[in-house]
Amino acid sequence: MLIAPASLVLFMTGAMLLLLVPGPAVLYITSRSIGLGRAAGLVSATGIAVGTLFHVAAATLGLSALLVSSAAAFQFVKYAGAAYLIYLGIRTFSGAGAAMLGPAGERRSLRSIFGQGVLVNLLNPKTALFFLAFLPQFVDPARGHATLQIFELGVLFALMGWMSDSVWALLAGTFGARLRGNLRLGGLQRKVSGGALIALGVASAFSGAKTK
């Protein structure tokens, strides 16, 4: 690894502090986990991580800089992501997306949930802005291959994010399993999860820069 040990420790400490504060990705993952179970939450966390890797690749290639430098592009992706979250929330709230993962449809459902997680993070331009602002602070040009250093840090952050998000998914899924055992509470849980996604979409459209 090209990163200096001291910079690596500082980066991991900063990343851990950022990941400990729940943000939009955590709220999305917990809503999926409460609504559809631990497996759905873990798959959503994996989808979010894969979406993060796309942002890492974009930052490494300089595409994120283009997105952030263009106000129109930033706003378009921002509102597209917010609209998608609201769409998912409406489906969950109405019960259209609340079917349990039975043996026959589990693989297809989890594949769809994974794709939703990837898309949710891809449509978050604030992730691109975060990488441009955060990663370069720990890059040492004197060690050479600055682009590779950014890539290494981005992959490390994605891995740390996946681990912390998975913990949230497991905790929320355990709590959600108790709710799903009661039909009345299950209906309330569906409305709460759907309402949370709708609120997240609305907040994302008007929020400042925060990636996780």
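Values as computed for the structure displayed
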| quantity | calculated |
| --- | --- |
| Members of the stretch 39-55 found to be more than 13 Å from the chain's Cα centre (by Cα) and buried (at least 20 other Cβ atoms within 10 Å of the Cβ), listed by number | ALA40 |
| Index of the failed condition, LEU156 passing every other in (1) at pLDDT 75 or above; (2) aliphatic (A, V, I, L, M); (3) over 20 Å from the mean Cα position of the chain (by Cα) | (3) |
| Whichever residue in the stretch 3-38 is farther than 16 Å from GLY89 by Cβ and of a type in the set (S, T, N, Q) and, among such residues, is surrounded by the most Cβ atoms within 10 Å (Cβ to Cβ) | SER7 |
| Residue list for the stretch 134-145, filter: assigned to a helix (DSSP H, G or I) and under 9 Å from LEU2 (Cα atoms) | ARG143 |
| Residue in the stretch 187-195 that is among the β-branched types (Val, Ile, Thr), within 18 Å of GLY89 (Cα to Cα), surrounded by fewer than 21 Cβ atoms within 10 Å (Cβ to Cβ) and modelled with pLDDT of 75 or more present | no |
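The values are calculated or read from the model by the stated rules, or taken from the named source; none is laboratory data. In this text the structure is predicted, and so the values were computed from the model without any measurement. FYI the Cβ positions are ideal-geometry reconstructions off the backbone, even for glycines, and counts take in every protein chain you see.
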